[in-house]
Amino acid sequence: MSLIEINDVHKVYKGGEGEVHALRGVSLKVEEGEFLAMMGPSGSGKSTLLSVMGALNPPTSGSMLIDGIDVYALDSERRADFRHEYIGFVFQQFQLVPYLTALENVMLPLAISRYPDKEQREMAKNVLEKVGLGEKCLRLPNQLSGGEQNRVAIARAIVNQPPIVFADEPTGSLDTQTGQDILTLFQALNREGLTIIMVTHNKENLDWVQRAVFIRDGSLEKSESYGPRMAQEG
Amino acid sequence: MKLQNIALSNLRRRKGRTMFLLLTFLVVVGTSVTLNAISLGLKQDLDAKLSSLGANIVISAKSEHLALSYGGLSVPGVTYDVQKLSASALDKLKQVSRPEDITAIAPAVIGAASGDKRKYVLAGVDFPAELKMKTWWKVDGSLPQGDEAVIGSGLAVRDKIGPGDSLRLNGKSVKISGVLEQTGGSEDMVVFSPIELVRRLTGLKDSFTLIEVNAKDPENMAAELAKLLPGAKVTPVTQLVEGATESVNRFTRFALMVSILLAVVGTMVVVVTLSGNVNDRTRELGIFRAIGFRQRHILSILFTEVLLISVTGGLGGYLLGITAPVVFGPLLAQSTVVQSGLAAAQGRAAAGQAMGFAWYPWLGLGSVLTACIVGLLAITYPAWRAVKLDPAEALRFI
Ligand SMILES: Nc1ncnc2c1ncn2[C@@H]1O[C@H](COP(=O)(O)OP(=O)(O)O)[C@@H](O)[C@H]1O
Ligand SMILES: [Mg+2]
């Protein structure tokens, strides 16, 4: 059984200006421990697919299982619990809560856990150190650079040790070098066993991933695996 | 980190908005509490005066000026030109059908005398009879004898005089034997002497200005006395009080109306501010939901935030509100209360005293509760929106 199994998923947005058929019958399997990229032009449905897979956005039809769980059969509160346990999100920008320090932002997923305060602090600090931000943990987001904010977001996504992280254009607003640092960090986390699914429209980013799926107009076009990296991992 | 810490951080780090919300509560609650504290103060003051009036019937000459001129419900200064009760009035009192129903009689002669700088209100009283009726009177020093006088505490403070000093009254030196401890009433600004001395100083021979009577059945007794003393005005104290009570009640209603109006306006301001607040926060609420916060987690953050502000604002407003009358009391008493003809406050205003400080715990509880209700009302719509929030939609533009 794959970690994530999507079968013939459609998503239709009904808006003021008629319907948008954002996903047209997508089927996809993601294995545990994969580092997968989703490529495609703007408006092709990448973010929609990511949010559907991330248990945030119920599909209009089709099915999705994560770890064998029919996520969209759960009510919205249980789905929140599911996200808390299984999923970390990293978004392109504005992903931090502006009035919380880096440390507090990372502690957010722990605030609804049973860990006592001290342990929460420790866990958050450790993760921040892991992403290279140990010293700046008391800064507010607006006192951090874009790349640093991104690292905080990654730390927050993994502090709870979820098996899957979804990232929507995590390098989109960063300069090339900073973007590559982030991808290297993702790669390191992936080698520790984290499953990562990343949306990007930058072909250069594919150097870091094991597999890429290409989306156009809401449909999967093709899937490419990059053998050497798979071998590297083993 | 707990959910409350998130709320607290938000309040701490968004100072402008927090201050604005707090200020709204402070102004609304503060003003309401001030008005209501004054109204309660007036009421208590009136009650205190009623219960400490001693007499339940006042007999005076038929004079317009004197209607309320003595006994704690009056203005010193309007008693310069008064008519008199004949000395025989005192004997007439004994002709009632049931003399044993009259438990105390305190006659007084009230007049004015010029001092070195200003005029003084003189009250000639029969001290043993007066003290029997006004058991709360306490004199520092000794009771006056012969050409001596006891002065009210307000006079002692204003003129910086005390026992041992002398006052010049209508050219005659009067020695001060004691000071009457503060009563809060017009007594505080009066010079008390034995009846004989006041008569000599003022020329009010063989007469009384008023006679206070304590009787068992004041209404009926007053009716009987009115027949016995056709030239006098016999008033049961209950009637004296009605007018003053009505004024206080009018002010109370005014205070209540203003409070309700302020609460409505305040609620609207807080509603608008908080709604805007949550609109700005769609993104971060989306993040919370994506992370796996349940609706109740988000509600708990919103409610903590608004309750923290409401309780702080309510409590602060209450403290502000009960302090304000002490600071502005004299001004308020003079400008609003005197103009509205509130006799009860006039003695105090004339004496220039600040209103006493009082806690009014019920007012405090009411302030905090009302502030909380306003806060909760204001957060209802934003909270509802937060609950309905679609996380995918909220995060769409991220
Ligand atoms: N919440 C929404 N409501 C209506 N239309 C949407 C919504 N989200 C996305 N869309 C539309 O669906 C299509 C796919 O969008 P998206 O998944 O964001 O594409 P991508 O991330 O590849 O740029 C676009 O036409 C977009 O306008
Ligand atoms: Mg997108």
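The values are calculated or read from the model by the stated rules, or taken from the named source; none is laboratory data. Only a predicted model underlies this, so the values are computations on that prediction, with no experimental measurement involved. Because the Cβ atoms are built from the backbone with ideal geometry, glycine has one as well, and the counts that use them run over all protein chains shown.
Numerical summary
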| read-out | value |
| --- | --- |
| Scope segment B:289-301; condition assigned to a helix (DSSP H, G or I) and free of Cβ contacts under 8 Å to residues at least 12 places away in the same chain; matching residues | B:Ile291, B:Arg296 |
| Qualifying residue in segment B:74-94 (condition: in contact with a helix residue (DSSP H, G or I) (Cβ under 6 Å, 6 or more places away or on another chain) and either among the acidic types (Asp, Glu) or at pLDDT 80 or above (or both)) | yes |
| Residue in segment A:188-208 that is of a type in the set (D, E, K, R), within 16 Å of ligand 1 (Cβ to nearest atom), within 14 Å of another protein chain (Cβ to nearest Cβ) and within 28 Å of A:Val9 (Cβ to Cβ) present | no |
| Subset of segment A:140-181 that is more than 16 Å from ligand 2 (Cβ to nearest atom) and β-branched (Val, Ile, Thr) - its residue that is surrounded by the most Cβ atoms within 10 Å (Cβ to Cβ) | A:Val152 |
| Hits in segment B:256-272 - residues which are under 19 Å from B:Leu377 (Cα atoms) and loosely packed, with under 15 Cβ neighbours inside 10 Å | B:Ile260, B:Leu261, B:Val264, B:Val265, B:Met268, B:Val272 |
| A:Tyr115 being among the hydroxyl-bearing types (Ser, Thr, Tyr) and within 11 Å of chain B (Cβ to nearest Cβ) | yes |
| Whichever residue in segment A:26-78 is among the hydroxyl-bearing types (Ser, Thr, Tyr) and not in a strand (DSSP E or B) and, among such residues, is surrounded by the fewest Cβ atoms within 10 Å (Cβ to Cβ) | A:Ser42 |
| Criterion (within 16 Å of ligand 2 (Cβ to nearest atom) and among the β-branched types (Val, Ile, Thr)) met by exactly one of A:Val71, A:Val52 | A:Val52 |
| Criterion: in a helix (DSSP H, G or I), surrounded by fewer than 19 Cβ atoms within 10 Å (Cβ to Cβ) and in the same structural domain as B:Met19 (by TED's automatic domain parsing) - qualifying residue of B:Gly314, B:Gly321, B:Gly276 | B:Gly276 |
| The listed residue being among the basic types (Lys, Arg) and under 20 Å from the mean Cα position of the chain (by Cα), out of A:Arg114, A:Arg79 | A:Arg79 |
| Which listed residue is among the acidic types (Asp, Glu) and within 11 Å of chain B (Cβ to nearest Cβ), from A:Glu129, A:Glu122, A:Glu104 | A:Glu104 |
| Every pair of residues 6+ apart whose Cβ atoms lie under 8 Å, when the first sits in segment A:1-18 and is in a loop (DSSP other than H, G, I, E, B) while the second is exposed (fewer than 10 other Cβ atoms within 10 Å of the Cβ) | A:Met1/A:Gly68 |
| Any hit, segment A:75-85, residues being away from ligand 1 (no atom under 12 Å from the Cβ), within 12 Å of chain B (Cβ to nearest Cβ) and in contact (Cβ under 8 Å) with a residue 40 or more places away in the chain | yes |
| Count - residues of segment A:86-97 that are of a type in the set (Val, Ile, Thr), at the interface with chain B (Cβ under 9 Å from one of its Cβ atoms) and not in a loop (DSSP other than H, G, I, E, B) | 1 |
| Any hit, segment A:100-117, residues being of a type in the set (Gly, Ala, Ser) and over 28 Å from B:Gly16 (Cβ atoms) | yes |
| Residue in segment A:178-187 that is touching a helix residue (DSSP H, G or I) at 6+ places or on another chain (Cβ under 9 Å), more than 28 Å from A:Val9 (Cα to Cα) and touching a residue at least 40 places away in the same chain (Cβ under 8 Å) present | yes |
| Number of positions in segment A:156-177 that are within 16 Å of ligand 1 (Cβ to nearest atom) and within 12 Å of chain B (Cβ to nearest Cβ) | 7 |
| Flag for A:Gly147 being among the small types (Gly, Ala, Ser) and within 16 Å of ligand 1 (Cβ to nearest atom) | no |
| Checking A:Glu32 against (1) touching a helix residue (DSSP H, G or I) at 6+ places or on another chain (Cβ under 8 Å); (2) away from ligand 1 (no atom under 15 Å from the Cβ), the condition it does not meet | (1) |
| Selected residue (criterion: farthest from ligand 1 (Cβ to nearest atom)) from residues of segment A:35-46 that are more than 14 Å from chain B (Cβ to nearest Cβ) and more than 13 Å from A:Ile4 (Cβ to Cβ) | A:Phe35 |
| Wholly within segment A:134-234, helices (runs of 4 or more DSSP H) carrying at least 3 residues that are over 16 Å from A:Gln93 (Cα atoms) | A:176-191, A:227-233 |
| Given (1) at pLDDT below 95; (2) away from chain B (no Cβ under 14 Å); (3) within 9 Å of ligand 1 (Cβ to nearest atom), number of the condition A:Gly15 does not satisfy | (2) |
| Residue satisfying condition, being out of contact with any helix residue (DSSP H, G or I) (no Cβ under 9 Å at 6 or more places or on another chain), away from every other protein chain (no Cβ under 14 Å) and not aromatic (Phe, Trp, Tyr), within set B:Val306, B:Val327 | B:Val327 |
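Yes/no per residue for (1) more than 15 Å from the chain's Cα centre (by Cα); (2) modelled with pLDDT of 95 or more:
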| site | (1), (2) |
| --- | --- |
| A:Arg24 | yes, yes |
| A:Val30 | no, yes |
| A:Phe35 | no, yes |
| A:Met53 | no, yes |
| A:Leu65 | yes, yes |
| A:Leu74 | yes, yes |
| A:Arg83 | no, yes |
| A:Gln93 | no, no |
| A:Tyr99 | yes, no |
